[in-house]
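Structure, as C-alpha cells:
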Amino acid sequence: MPLISSFLGILIYMFKEKNSPHNKPHIHAVYSGKKMSIAADGEILAGKLPKKQQKYVEAWVALREDEIKASWIAMNADNSEVIKIKGLEA
C-alpha cells in the first residue's frame, strides 16, 4: 500500500484494486493507530480518526479530489504508477 501523502502526523495511503474494481476512488488515512477510509467525493467509507485529524483529512480530500481521482486511475492502470499528492499546510 503506497504512501501518497502525509501531513500533520497523518499518513495517506492508496491500495491497488485487485482483480476488478470494487470501490469508488478512495484513500486510507492513518493517525496514531486509528484508521479511516474516505472517498474522493468526501464520503466516509469506514473507520474514524480523532475529530481534529478527521477534519484535516476531510479538508484535504475536498481540496485534492481531482488529484486523488487521477492517482487512483494511475495506480489501477496497467503501469501501476504512484502519484504523490501535496499535503495540507499547517
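Remarks
- Over 22 Å between alpha carbons, listed pairs K16/K55; K52/K86; K35/K84; K35/K55; K18/K48: K16/K55; K18/K48
- Think of the chain as having a plus end and a minus end, set by charges on the Cβ of Lys, Arg, Asp and Glu; of Q54, A70, Y13, Q54 sits farthest toward the positive end of this dipole.
- Carbon plus sulfur fraction of accessible area for the chain, probe 1.4 Å, in percent: 53
- Label selected from (1) 1.54; (2) 1.13; (3) 1.00, the criterion being Cα Rg over 2.2 N^0.38 Å as computed here: (3)
- Loop-located trypsin sites (Lys or Arg not before Pro) in the chain, at most 16 other Cβ atoms within 10 Å (DSSP): K16, K18, K48, K84, K86
- Over the stretch 1-52, accessible surface divided per residue gives 60 Å², non-protein components excluded, 1.4 Å probe.
The values are calculated or read from the model by the stated rules, or taken from the named source; none is laboratory data. What you are looking at is a predicted structure, and each value in this text was computed from that prediction instead of being measured. Reconstructed Cβ throughout: ideal geometry from the backbone, glycine too, with neighbour counts over all protein chains shown. When the accessible area is computed, the model is the full protein with side chains, heavy atoms only, and any ligands, DNA or RNA have been set aside. Shrake-Rupley method; radii C 1.70, N 1.55, O 1.52, S 1.80 Å.
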